[in-house]
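**Student:** Here's a structure for you.
The values are calculated or read from the model by the stated rules, or taken from the named source; none is laboratory data. Every value quoted in this text rests on a predicted model; they were computed, and no experiment measured them. Glycine gets a Cβ as well: all are built from the backbone with ideal geometry, and neighbour counts include every protein chain shown.
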């Protein structure tokens, strides 16, 4: 996730870190090159009938495309925001579990430590699972053993188990987002329409705008390709792209909370953005 202050003034024109420009620059340059070639042909050796080419169809296509892109980006942002809420809930549940364990297992320091370590391991393993690295763990066996040994009565066991149930639900929600992308046909349609619009646009503008055609074509290509790329990044919020969620930083927060509840020192340092990027 990009963490930086809101740009203002001239910063809006030259900031690249956190911008979508590096990802779409080749596409925009391709459209710019094409529009320069089309403008040169129309200005220097205009084909017969080029003046009858109207910009109206491109206006309609651009309107429809912008509506589709807006809908897709809204759906992708909902996935990104749901992922962030799930991880925020995981931070809350892990803190609550640590607090309950400290109170309900006050006389069993080894088991408190074991559960805290497993809670941290759960967070690390879940983040790894979402990034195709490992499988999640859970602290359920520790609680079950305490219940069998009589050091934890049924009412207290249920209270703690509810936290673990909530953490399992969070895991399922994250896996649902990971394994259920937006329909491929819809995404492919938008990709094709964006390319078709940007490639054909210079032909509709050249007769009326002349040498100004490349400028407007590049600006519109930046807008449409940028929205398309941004939606693609947010569709999978658990990856390692600049606009994905900072899972490593969230896991470190859980680790710090668990160790702090155990009274261990020194605590790990929170992860900070490196070059404005927090992962």
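**Student:** Would a scan of the range 20-38 turn up a residue that is surrounded by 11 or more Cβ atoms within 10 Å (Cβ to Cβ), in contact with a helix residue (DSSP H, G or I) (Cβ under 9 Å, 6 or more places away or on another chain), part of a helix (DSSP H, G or I) and at pLDDT below 80?
**Tutor:** The answer is no; no qualifying residue exists.
**Student:** Out of curiosity, is residue 215 out of contact with any helix residue (DSSP H, G or I) (no Cβ under 8 Å at 6 or more places or on another chain) and assigned to a helix (DSSP H, G or I)?
**Tutor:** Values: out of contact with any helix residue (DSSP H, G or I) (no Cβ under 8 Å at 6 or more places or on another chain): yes; assigned to a helix (DSSP H, G or I): yes.
So residue 215 fits the description; yes.
**Student:** Sort through 237, 266, 246 and tell me the only one that's over 17 Å from residue 93 (Cβ atoms), modelled with pLDDT of 85 or more and over 16 Å from the mean Cα position of the chain (by Cα). Lay out the reasoning, then the answer.
**Tutor:** Working: 237 fails: over 16 Å from the mean Cα position of the chain (by Cα); 246 fails: over 16 Å from the mean Cα position of the chain (by Cα).
Being over 17 Å from residue 93 (Cβ atoms), modelled with pLDDT of 85 or more and over 16 Å from the mean Cα position of the chain (by Cα) holds for just one of 237, 266, 246, which is 266.
**Student:** Going by the structure shown, is residue 141 surrounded by fewer than 17 Cβ atoms within 10 Å (Cβ to Cβ) and modelled with pLDDT under 80?
**Tutor:** Working: surrounded by fewer than 17 Cβ atoms within 10 Å (Cβ to Cβ): yes; modelled with pLDDT under 80: yes.
Judged against the criteria, residue 141 is a match.
**Student:** Still on this model: Criterion first (under 30 Å from residue 40 (Cβ atoms), surrounded by fewer than 16 Cβ atoms within 10 Å (Cβ to Cβ) and over 24 Å from the mean Cα position of the chain (by Cα)) does residue 208 satisfy it?
**Tutor:** Values: under 30 Å from residue 40 (Cβ atoms): yes; surrounded by fewer than 16 Cβ atoms within 10 Å (Cβ to Cβ): yes; over 24 Å from the mean Cα position of the chain (by Cα): yes.
For residue 208, the condition - under 30 Å from residue 40 (Cβ atoms), surrounded by fewer than 16 Cβ atoms within 10 Å (Cβ to Cβ) and over 24 Å from the mean Cα position of the chain (by Cα) - is met.
**Student:** Another question, then. Any residue at all in the range 262-271 that is touching a helix residue (DSSP H, G or I) at 6+ places or on another chain (Cβ under 6 Å) and farther than 30 Å from residue 105 by Cα?
**Tutor:** Checked against the condition, which is being touching a helix residue (DSSP H, G or I) at 6+ places or on another chain (Cβ under 6 Å) and farther than 30 Å from residue 105 by Cα, the range 262-271 yields at least one hit.
**Student:** Looking at 132, 136 in this structure, which one is assigned to a loop (DSSP other than H, G, I, E, B) and at pLDDT 65 or above?
**Tutor:** Values: 136 fails: at pLDDT 65 or above.
Result: 132 is the single residue among 132, 136 that is assigned to a loop (DSSP other than H, G, I, E, B) and at pLDDT 65 or above.
**Student:** Return the pairs, sorted by first residue and then second, in which the second residue is part of a helix (DSSP H, G or I) and modelled with pLDDT under 85, the first residue lies in the range 179-195 and is over 13 Å from residue 64 (Cα atoms), the beta carbons are less than 9 Å apart, and the residues are 6+ apart or on different chains.
**Tutor:** 181/187; 186/68
**Student:** Say whether the condition of being in contact with a helix residue (DSSP H, G or I) (Cβ under 9 Å, 6 or more places away or on another chain), without any contact (Cβ under 8 Å) to a residue 40 or more places away in the chain, assigned to a loop (DSSP other than H, G, I, E, B) and within 17 Å of residue 23 (Cα to Cα) is met by at least one residue in the range 220-233.
**Tutor:** No, because not a single residue in the range 220-233 is in contact with a helix residue (DSSP H, G or I) (Cβ under 9 Å, 6 or more places away or on another chain), without any contact (Cβ under 8 Å) to a residue 40 or more places away in the chain, assigned to a loop (DSSP other than H, G, I, E, B) and within 17 Å of residue 23 (Cα to Cα).
**Student:** Then there's this: Which condition from (1) modelled with pLDDT of 85 or more; (2) farther than 24 Å from residue 22 by Cα; (3) touching a helix residue (DSSP H, G or I) at 6+ places or on another chain (Cβ under 9 Å) is the one that residue 201 breaks?
**Tutor:** Unmet for residue 201, out of (1) modelled with pLDDT of 85 or more; (2) farther than 24 Å from residue 22 by Cα; (3) touching a helix residue (DSSP H, G or I) at 6+ places or on another chain (Cβ under 9 Å): (2).
**Student:** Filter the range 245-266 down to residues that are free of Cβ contacts under 8 Å to residues at least 60 places away in the same chain and not in a helix (DSSP H, G or I) and give me whichever is surrounded by the most Cβ atoms within 10 Å (Cβ to Cβ).
**Tutor:** Step by step, filter the range 245-266, then rank; the result is 264.
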